[in-house]
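The values are calculated or read from the model by the stated rules, or taken from the named source; none is laboratory data. Please read these numbers as outputs of a predicted model, since none were measured by experiment. With ideal geometry, Cβ positions are generated from the backbone for all residues, glycine too; neighbour counts draw on all protein chains shown. Quick note on the areas: whole protein, heavy atoms, side chains included, nothing else; ligands and nucleic acids left out. Shrake-Rupley method; radii C 1.70, N 1.55, O 1.52, S 1.80 Å.
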Amino acid sequence: MTCRVTLVTPAMNDALRRARFDDGTNPLDAGGATAARAAAGSLPAAARAVVSPGVRCRETATALGLAEAREEAALSGLRVGRWRGLTLDQVGAAEPAAVAEWLADPDAAPHGGEPVRELCLRVGRWLDALAREDGRVVAVVEPDVVRAAVAHALGAPAAAFWRVDAPPLTATELSGRSGRWNLRSGIPLRGPAAG
C-alpha cells in the first residue's frame, strides 16, 4: 500500500511578495491568479484534495480546478501570534533579538504563537495518519507546511525547517510506504502549452 501526497504551494500574492506574515485574508494578485489558472490540469489525478485554511490557498486550489478541496485545519500555516500581518522587515526592525531567537531555536515563539517544532509535529501527525491510506492526495498548502512536511519526511530535526525553500506554485511529492517517505521537490506547475 502506497500513499502519494502532492503538496502545492499557493500562487503569488502581496503577502508572499513582501515577505509578510500572512493573516489568511490576502487574495492572490493578478499575476498569481493568472499563473494558477494556466497551471490547471498539470496536477496528477487524486482520490481527494485538501487545502490549508486561508484565502490564497483556497483561490489557488480553485484556479487549479480543485474547487471541491476540503479545508484541513492540521495544514494551517505557522501561527505567528502578534506578528500576523507584519513584514519580516518590520518585525526585524522592532524586535531583532526575537527574530534571531525564532530563526535559531525551533522551540521559540517570541511572537506568542506556535513554535516551529509544534508546526513540524502537527504536519508530521497528519502525514503519518495519511500514510495508512492508499492512493493520491493533492494538498494546496502554505509554504511553511511544505517545509515542515519535508523535514518530517526526511526525518530531519525541526531546525532543518529553515533550510527548505518552497517557491510559489510549485509541487513537492511525497510517497510513503512501510513507515518511510520518499521526496521529490520543487516541481514547477505549468499549463499544458508550457509543457
Any residue that is free of Cβ contacts under 8 Å to residues at least 24 places away in the same chain, surrounded by fewer than 16 Cβ atoms within 10 Å (Cβ to Cβ) and over 20 Å from residue 174 (Cα atoms) - is there at least one of those in the stretch 19-32? yes
Residue, least open to solvent (accessible area, probe 1.4 Å), within the stretch 169-187, restricted to residues that are without any contact (Cβ under 8 Å) to a residue 40 or more places away in the chain and at positive phi: 186
Only one of 156, 166 is farther than 23 Å from residue 21 by Cβ, part of a loop (DSSP other than H, G, I, E, B) and either open to solvent by 40 Å² or more (accessible area, probe 1.4 Å) or not hydroxyl-bearing (Ser, Thr, Tyr) (or both); which? 156
Quick check, is residue 51 more than 10 Å from residue 12 (Cα to Cα) and open to solvent by 40 Å² or more (accessible area, probe 1.4 Å)? no
Only one of 49, 15 that is at pLDDT below 95, in contact with an Asp or Glu (Cβ under 8 Å, 6 or more places away or on another chain) and not in a loop (DSSP other than H, G, I, E, B): 15
Which one is nearest to residue 45 (Cα to Cα) among residues in the stretch 65-97 that are open to solvent by 70 Å² or more (accessible area, probe 1.4 Å) and assigned to a strand (DSSP E or B)? 70
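Each row is one residue, and each column tells you yes or no for (1) out of contact with any Gly (no Cβ under 8 Å at 6 or more places or on another chain); (2) hydroxyl-bearing (Ser, Thr, Tyr); (3) surrounded by 15 or more Cβ atoms within 10 Å (Cβ to Cβ); (4) part of a loop (DSSP other than H, G, I, E, B).
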{"residue": "40", "(1), (2), (3), (4)": "no, no, yes, yes"}
{"residue": "109", "(1), (2), (3), (4)": "no, no, yes, yes"}
{"residue": "124", "(1), (2), (3), (4)": "yes, no, yes, no"}
{"residue": "127", "(1), (2), (3), (4)": "no, no, yes, no"}
{"residue": "136", "(1), (2), (3), (4)": "yes, no, yes, no"}
